[in-house]
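Notes for the one structure printed next.
The values are calculated or read from the model by the stated rules, or taken from the named source; none is laboratory data. Just so you know, these numbers come straight off a predicted model, no measurement behind them. A quick note on method: Cβ atoms are made from the backbone with ideal geometry, for glycine too, and the neighbour counts reach across all protein chains shown. The area values use the complete protein model at the heavy-atom level, side chains included, leaving out ligands, DNA and RNA. Shrake-Rupley method; radii C 1.70, N 1.55, O 1.52, S 1.80 Å.
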Amino acid sequence: MLKGAEKLALIDMDGTLLNGRFVLELAQRTGRMEALRPLLDNPTLNADKRTRRIAALFVGVPNGTMERVARDIPLMPGAVETVISLRKAGYLVGVVTDSYRMAAETVRRRVFADFTISHVMKFRREKATGRITLAPAMKHPQGCREHGLCKLNVLRHLVAEVGNGPDRVLAVGDSDNDVCLLRAAGVSVAFQPKTANVRDAARHVIEGDLRGILPLLGLPVPRRAEIRTVNRGESDSDGR
């Protein structure tokens, strides 16, 4: 699928395409919030261990429940229009997430993206086993020097397969696990960044509506879009 793609767009799922975080919503729906809280963004756990321990919390959850949660979380304003506009402009659009493929594929279909990079939750008799297969693309022998499991490694794999450089990649994310990817991409956008680190890693910052990405690429913006775009080095109306 990637062969011949001249431009790539790699977009985070939680907090970027989705106005929410899948594991949080799933934990709330299944009564697992108390067990989940100590694991979320825990700095004492590396990404591999944290991902596996969070997955283990959802043993026995039916796959139908996971699909419903991924369908029910609201999309961010402009998510569908942005993905469709990018595809019309020749971008191959991927949803890149630390979450599970079942959720990522549901969101991909909702926004009409081309592909997903995500971890795979294993099921038995349509119920989660709590065991996952980590996305191979998030590991790379010459990839990220800080993290063994990183979205930067996804970029390394994809540009090698496509045959283009990182300058032909658009990356969009909101949290610290997107920082390495944002630093490496040719066009990087922090969407409603959760930390100053995310804001500083990107070349552009957008608040409010994902369609703010489009003018950065010289693409038309659909009508009635209310967008606030902040370029690095400028202050937005809140003085940040």
Select from the stretch 1-22 the residues that are among the aliphatic types (A, V, I, L, M), under 19 Å from the mean Cα position of the chain (by Cα) and not in a strand (DSSP E or B) and list them in ascending order. Leu2, Met13, Leu17
Tell me, please, whether a residue that is under 20 Å from Asp176 (Cα atoms) and either in contact (Cβ under 8 Å) with a residue 60 or more places away in the chain or open to solvent by 70 Å² or more (accessible area, probe 1.4 Å) (or both) can be found in the stretch 64-73. no
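Sort out for me the helices (runs of 4 or more DSSP H) sitting completely within the stretch 23-130 that have 3 or more residues that are at pLDDT 95 or above, more than 15 Å from the chain's Cα centre (by Cα) and under 17 Å from Ala9 (Cα atoms).
Qualifying helices (runs of 4 or more DSSP H): 79-88.
Considering only the stretch 5-30, state which residues are farther than 18 Å from Thr97 by Cα and open to solvent by 70 Å² or more (accessible area, probe 1.4 Å).
Glu6, Gln28, Arg29
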